Amino acid sequence: MGTGPPEPLLSDAIIDALAEVYPPGELGEVIKALGKPGPRYYMRVNTLKADTGTVIDRLRERGLDARKDEHLPEAIYVPVRGPFELPEVEKEVVVDKFTAESAMMGSNVYVPGVLSFRGVRRCDEVLVVSELGQPVAFGIARMDEHEVLSARKGLAVEVLRPLYELPPIRELKEFKEGLIYPQSLPSMLASRVLEPEPGELVLDVACGPGGKLSHICQLTSNGARVIGFDRSKRKVAETREVLSRLGCEAAVVRADSRYLDLDVPSLVERADRVLVDPPCSALGVLPKLFDLKDRRELASLAEYQKQFIKVAAKLVRPGGVVVYSVCTMTARECEGIVSFAVEECGLEVDEQPIYIGSRGLPGLVERAELLQRFHPHLHGSGYFIARLVRPR
Ligand SMILES: C[S@@+](CC[C@H](N)C(=O)[O-])C[C@H]1O[C@@H](n2cnc3c(N)ncnc32)[C@H](O)[C@@H]1O
């Protein structure tokens with residue numbers, strides 16, 4: 001008997017937040033969907049460097065089942081295979097949440113992600129399990145227990161059979177040459193909904209690691225004045241690396257964007273477009289083994305997001321566009337923030353140029369039918385996009 005995919009374990013706070021969005025009959029399906037990756041693994045073709053057809057041909061030559069998306073010309077995907085049965089073996093390696101969710105998709109386990117390697121010898125067959133005991137992959141130990149305890153880095157388990165299988169995208173020549181960027185479809189859509197144009201001033205106030213920022217450069221053929229801000233030194237460095245690999249021209253500034261209107265007054269009312277993609281509860285990022293956020297954490301994320309919207313409303317020029325996006329589904333972080341943008345910041349909900357997902361949740365804000373939602377059980381990931389305008 002083998003082991004099947006685990007059900008995600010969610011806190012009461014998260015289940016209650018989801019129950020505000022999904023009726024009882026649908027909630028079980030949503031929770032189940034959170035435990036699996038979506039059926040498609042998406043990548044964006046960097047059209048600054050190559051066209052979609054050429055990249056698909058190159059990936060196919062490498063044996064990847066690369067396919068064109070039906071909606072966005074720069075979006076391609078490979079079907080995700082699995083779930084596979086895992087063999088039952090005696091020894092277990094316990095890993096942290098991030099490592100478990102990566103191993104579940106085929107990544108090897110490295111020393112920093114290991115929580116317990118008890119009784120394991122080099123070359124042992126092991127089951128990789130999460131800290132809650134959920135099996136995610138089968139592999140071979142590449143170190144002894146004492147080596148893992150003393151080493152600070154290195155390969156601890158080579159994963160041979162994960163629950164789900166993805167090609168090693170980041171090891172491909174096409175990735176290293178900056179021809180592809182792994183990114184979900186709704187995340188690509190957010191930059192599309194912003195509709196940046198050459199010659200405009202475009203700000204991304206939470207840019208790290210640069211997925212949407214580089215897409216904005218791509219959509220404007222490096223012809224806009226694009227500035228990305230991020231508070232984290234590491235994210236700023238990662239963003240610069242992404243921009244350079246993809247051949248994108250944008251400035252990246254380390255800053256706390258909540259105070260940009262005060263710190264950089266010359267930007268006030270100057271931006272043609274502002275992208276707000278702030279930290280969120282990330283419930284729509286799949287697969288998820290567990291998520292135990294409490295009520296206070298969920299509430300404080302929404303308060304944090306409001307501060308970004310408030311500053312974006314000040315930076316955008318009259319008639320300019322603000323796009324707000326989050327990879328989550330809670331009403332508070334989605335329609336709740338749009339309601340704040342309308343009531344407290346003077347922005348208006350605008351129609352989006354492309355709809356691929358479902359519409360917004362009615363009742364919390366006017367014109368919710370112009371908002372766009374992606375649902376894990378219907379679309380393979382959870383996401384929310386609002387397009388707002390500052391009246392002239
Ligand atoms: C959801 S991620 C952005 C993803 C990015 N837009 C992309 O598409 O690749 C949120 C980012 O906000 C940054 N952040 C958090 N608080 C911030 C603040 N006060 N000011 C600026 N950036 C902040 C985080 O470091 C993180 O990189």
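The values are calculated or read from the model by the stated rules, or taken from the named source; none is laboratory data. What you see is a predicted model; the values in this text were computed from it and never measured. Neighbour counts run over all protein chains shown; Cβ positions are idealised from the backbone, glycine included.
For Ala190, which of the numbered conditions (1) away from the ligand (no atom under 16 Å from the Cβ); (2) in contact with a Leu (Cβ under 8 Å, 6 or more places away or on another chain); (3) part of a helix (DSSP H, G or I) fails to hold?
Every listed condition holds for Ala190 apart from (1).
If I ask for residues that are assigned to a strand (DSSP E or B) and over 16 Å from Pro278 (Cα atoms), which ones from segment 226-251 would you list?
Val226, Ala251
Identify, by number, the condition in (1) within 21 Å of the chain's Cα centre (by Cα); (2) within 16 Å of the ligand (Cβ to nearest atom); (3) farther than 22 Å from Leu185 by Cβ that Thr330 doesn't meet.
For Thr330, the exception is condition (3).
State which residue pairs qualify: first residue within 17 Å of Ser184 (Cα to Cα) and inside segment 39-65, second residue at pLDDT below 95 and in a helix (DSSP H, G or I) in any location, beta carbons under 8 Å apart, and separation of 6 or more residues or different chains.
Cβ pairs passing all conditions: Tyr41/Ile169; Met43/Ile169.
Please determine, by comparing only the residues of segment 270-301 that are part of a helix (DSSP H, G or I) and surrounded by 20 or more Cβ atoms within 10 Å (Cβ to Cβ), which one is nearest to the ligand (Cβ to nearest atom). I'd like the intermediate steps shown before the answer.
Within segment 270-301, the subset part of a helix (DSSP H, G or I) is 295-301.
Next cut, surrounded by 20 or more Cβ atoms within 10 Å (Cβ to Cβ) only: 298, 301.
Details: Leu298: 16, Leu301: 11 Å.
Looking at residues that are part of a helix (DSSP H, G or I) and surrounded by 20 or more Cβ atoms within 10 Å (Cβ to Cβ), I get Leu301.
Keeping to segment 346-389, report how many residues are over 21 Å from the mean Cα position of the chain (by Cα), closer than 27 Å to Gly28 by Cβ and among the β-branched types (Val, Ile, Thr).
The number of residues fulfilling the criteria is 0.
Kindly provide the set of residues from segment 193-218 that are surrounded by fewer than 24 Cβ atoms within 10 Å (Cβ to Cβ) and more than 8 Å from the ligand (Cβ to nearest atom), ordered by number.
The answer is Val193, Glu195, Glu197, Pro198, Gly199, Glu200, Leu201, Gln218.
Pick from segment 259-269 the residues that are of a type outside the set (D, E, K, R) and away from the ligand (no atom under 15 Å from the Cβ): which of them is nearest to Ala312 (Cα to Cα)?
Filtering first and then ranking leaves Val268.
Would you confirm, using the coordinates I've provided, whether Ser257 is at pLDDT 95 or above, more than 19 Å from Val365 (Cβ to Cβ), surrounded by fewer than 17 Cβ atoms within 10 Å (Cβ to Cβ) and assigned by TED's automatic domain parsing to the domain that holds Gly380?
Spelling it out, it is not the case that Ser257 is at pLDDT 95 or above, more than 19 Å from Val365 (Cβ to Cβ), surrounded by fewer than 17 Cβ atoms within 10 Å (Cβ to Cβ) and assigned by TED's automatic domain parsing to the domain that holds Gly380.
Does Gly380 qualify as being modelled with pLDDT of 95 or more, out of contact with any helix residue (DSSP H, G or I) (no Cβ under 9 Å at 6 or more places or on another chain), away from the ligand (no atom under 16 Å from the Cβ) and not hydrophobic (A, V, I, L, M, F, W, C)?
no
Restricting segment 150-196 to residues that are in contact (Cβ under 8 Å) with a residue 12 or more places away in the chain and of a type in the set (Asp, Glu), which is farthest from Arg359 (Cα to Cα)?
Once the filter is applied, the top-ranked residue is Glu158.
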